[in-house]
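*Asks:* Okay, handing you the structure first.
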Amino acid sequence: MSGRKGAPQLDRWRRSAEFREIARRQCQAMNRKHWEGPRCEAAKKSDGEPCQKPAMTNGRCHLHGGRTPSGDAWHMPRWPNRGAADGMEKLDRKLKDQDRAARKRAKRLAAMTPDERERHENWHKARKPGAAAARQRTRDERRQNTEFRKRSATAPRAPSPELQTINDELANLRQRLAKIQTDKGVFS
Ligand SMILES: [Zn+2]
């Protein structure tokens, strides 16, 4: 880490989450106070006044003008602007982030018990990304299928062909028996 000696505690403190949070807040406060560039003009949700946070090149702050798309493409990665000076650096970072996320995911999957894995897969099967309308259609279809299955499970089943033959035969015999008995009744 640092080349200095004799300040391990100070280094630990500076790397701690608490210190970073304090520093981050301080930077934000300084930016808010001393920023001389353009400010975000978006209406705040709380009181409708202009936001006034330091604006990015698109004229909005990171909260009001971020590049995360809305709608169906909300989960797609955003690549750096073509002409940006630090474009390659950003792209590298982004690709590395994605690699890291993929490795983390693979590790998590590998550590799962078969039971957890099944639950995980079912969860993802039920939540495929895509257009809202298409997802709604899939949900409707799934619901209809479930209802159909439930109904066909409770509905009385048609007897099998063999059982049908046996039943017919039985009815036939019963008729003959009844006939014999009445005939007997007549003659005895
Ligand atoms: Zn803003």
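The values are calculated or read from the model by the stated rules, or taken from the named source; none is laboratory data. Only a predicted model underlies this, so the values are computations on that prediction, with no experimental measurement involved. Every residue, glycine as well, gets a Cβ built from its backbone with ideal geometry; the counts of neighbours run over all protein chains shown. Please note that ligands, DNA and RNA were not included when accessible areas were found on the heavy atoms of the full protein model with its side chains. Shrake-Rupley method; radii C 1.70, N 1.55, O 1.52, S 1.80 Å.
*Asks:* Could you give the accessible area per residue of the chain, probe 1.4 Å, as a whole number in Å²?
*Replies:* Each residue of the chain exposes 91 Å² on average to a 1.4 Å probe.
*Asks:* Moving to a separate point now. Relative contact order of the chain, please, whole-number percent, based on alpha carbon pairs below 8 angstrom and at least 6 residues apart.
*Replies:* Across the chain, relative contact order equals 8 percent.
*Asks:* What nm distance separates the two modelled labels at residue 139 and residue 158, each placed 7 Å from Cα along Cα→Cβ?
*Replies:* Calculated label separation equals 3.6 nm.
*Asks:* Highest mean first, what order results for 39-46, 120-127 on Cβ atoms within 10 Å?
*Replies:* 39-46, 120-127
*Asks:* Summarise the accessible area of the chain (1.4 Å probe, protein heavy atoms) by the percent that is carbon and sulfur.
*Replies:* On the chain, the fraction of accessible area on carbon and sulfur atoms equals 54 percent.
*Asks:* Let me ask you something else. Could you order peptides 22-34, 53-65 by the average number of other Cβ atoms within 10 Å of their residues, highest first?
*Replies:* With the highest mean Cβ count within 10 Å placed first, the list reads 53-65, 22-34.
*Asks:* Here's something else I'd like to know. As a test of understanding, state the convex hull volume per residue of the chain from its alpha carbons, in Å³.
*Replies:* Convex hull volume per residue, Cα atoms: 346 Å³.
*Asks:* Within 14 Å, Cβ to Cβ, of residue 136, how many net charges do the neighbouring residues add up to if Lys/Arg are +1 and Asp/Glu are -1?
*Replies:* Here the charged neighbours net out to +4.
*Asks:* Round to a whole angstrom and tell me the spacing of the C-alpha centers of region 18-35 and region 113-128.
*Replies:* Between the Cα centre of region 18-35 and that of region 113-128, the gap is 42 Å.
*Asks:* Next question. Quick one: net charge of residue 50's neighbours, Cβ under 15 Å, K/R +1, D/E -1?
*Replies:* The answer is +3.
*Asks:* Let me ask something additional. Quickly work out the residue 126-to-residue 86 label distance, labels modelled 7 Å from Cα along the C-beta direction, and quote it in nm with one decimal.
*Replies:* Spacing of the two 7 Å Cα→Cβ label points: 4.2 nm.
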